[in-house]
1. Just to confirm the filter: which GluC sites (Glu not before Pro) across region 48-143 are DSSP coil and have at most 10 other Cβ within 10 angstrom of their Cβ?
2. Tell me what the chain gives for mean residue ellipticity at 222 nm when only DSSP H runs of n ≥ 4 count, each as -39,500 (n - 2.57), the sum divided by the residue total, rounded to 500 deg cm²/dmol.
3. Rolling a 1.4 angstrom probe over the protein chains, ignoring ligands and nucleic acids, what is the accessible area of Val93 in square angstrom, nearest 10?
4. For Ala62, list long-range residues whose amide hydrogen, built 1.01 Å from N in the peptide plane, is under 5 Å from its own amide hydrogen.
5. Can you give me the distance in nm between label points at Ser8 and Lys145, each placed 7 Å from the Cα along the Cα-to-Cβ direction?
6. Within 10 Å of each candidate Cβ there may be at most 14 other Cβ atoms; applying that plus a DSSP loop requirement, which trypsin sites (Lys or Arg not before Pro) in region 146-248 survive?
7. Just subtract the alpha-carbon distance of Ala85 and Thr261 from 0.36 nm times their residue separation and send over the number in nm, one decimal.
8. Tell me whether region 20-102 comes out rounded, prolate or oblate; compute the Cα gyration tensor, take square roots of the eigenvalues as a ≥ b ≥ c, and use a/c under 1.5 as the rounded threshold.
Amino acid sequence: MWDRDLLSGQVALVTGASSGIGRACAEALARAGARVAVNHLPAETAEARSLVGSIRDAGGEAIPVVADVSTEDQVRSMFAEVVGAFGTLHILVNNAGIQSDAAFTDMTLDQWRKVIEINLTGQFLCAREAVREFLRRGPQPEVSKALGKIVCMSSVHQTIPWAGHANYAASKGGLALLMQTIAQEFASHRIRVNANAPGAIRTPINRDAWSSEEAAEELLALIPYGRIGEPGDIADAVCWLVSDLSDYVTGTTLYVDGGMTLYPGFRENG
Ligand code: NDP
C-alpha cells in the first residue's frame, strides 16, 4: 500500500467509480493522499455515497459527482463541479466502461454505438476536459512534476481479438491510439497519458466468467499466473502510473493481467 505522501495535494477524478475497478482506484488514490471526485451514474447514488463515506471515515477527502461520461454537457458540468469543489484537477482515471456482447452477425447497431460511445467517446470527452484544466491551471511543481496525468482504463482486448465482443474490442483497440496520440500531443507540456490494460479482474462486468467453478476453471487456463485478478491489483498500478515515481512514463500501456497476453496456449509448444 502507498503512503499518504505519494499523492498529497493532488485532486483526482475517477469515472465509473461506484463499483469494481473504479471503486478500488478511488479508495487507493484517497489512501495515497489525493482528494477524490467519485463519478457515478444517477442510479448509483447509494453506492457512490457509501464509497465517499468510507473514504471520509478513513480520513480522506471525497465528493460524489454525477455524469454519464458519453454526454458532452454532463461531462463539462462534472469537471466544473470538481474544479469548483477542489480548485483544480491533477489526475483523471478514465475508467467507466461497459460490455454489450453478441455474436457478430447478431450485434445491433445500438449495441455497437452504446459501447463505442461510453468506452471510447466517453474517454475522449473526459480526457479533453482534463487536458483543458491542466493547461488552464499551469505548473505546480511543489505538487507534482507533471502538469497532469491521465490513465485510460483499457483491456488486454486492445491487443487480443475477442469473438462475440467486436464492439468492446474495437473500443479498446481505438483507445490505445487515442491514448498515444494525446500523449504525443501534450508530452511537451508535461502531461502524461498512459493506459492500464487489465486481464480478468473479479468485478460485476464479467461475473459470468468467474462466479461458477467451471467458468473460473476455464478462465484460469488463460492466466499463467494462476489466479483471477482483484480490483486492488489494478488500483495499485494506477497509483504508481499517476505518481511522480513514473514521471518518465508516457504513451505506454501497462498490462496488469497475470500473463494473459503471454499466449499461454503456446506453453506446450503450440
Ligand atoms: P464495473 O461494471 O464494475 O464498473 C464499470 C463502471 O462504469 C460502473 O460503475 C458503471 O456504472 C460505470 N458506467 C457505465 N456506463 C457509464 C457511463 N455512461 N457514465 C459513467 N459511468 C458509467 O466493471 P469494471 O470495474 O470491471 O470495469 C471498469 C473498467 O475496467 C472498464 O473500462 C472495463 O472495460 C475495464 N476492464 C475490466 C476488466 C475486468 O476483468 N473486470 C478487464 C479489462 C478491462 P453502472 O454499474 O451503473 O453501470
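1. Glu142
2. -12500 deg cm²/dmol
3. My reading of the accessible area for Val93 is about 0 Å².
4. Correct list: Val36.
5. 2.0 nm
6. Arg227
7. Roughly 59.3 nm would be gained on extension.
8. Taking the square roots of the gyration eigenvalues as a ≥ b ≥ c, region 20-102 is oblate.
The values are calculated or read from the model by the stated rules, or taken from the named source; none is laboratory data. It should be emphasised that the depicted structure is a prediction, and the values quoted were computed from it without experimental measurement. Here the Cβ is made from the backbone with ideal geometry for all residues, glycine too, and neighbour counts use every protein chain on show. When the accessible area is computed, the model is the full protein with side chains, heavy atoms only, and any ligands, DNA or RNA have been set aside. Shrake-Rupley method; radii C 1.70, N 1.55, O 1.52, S 1.80 Å.
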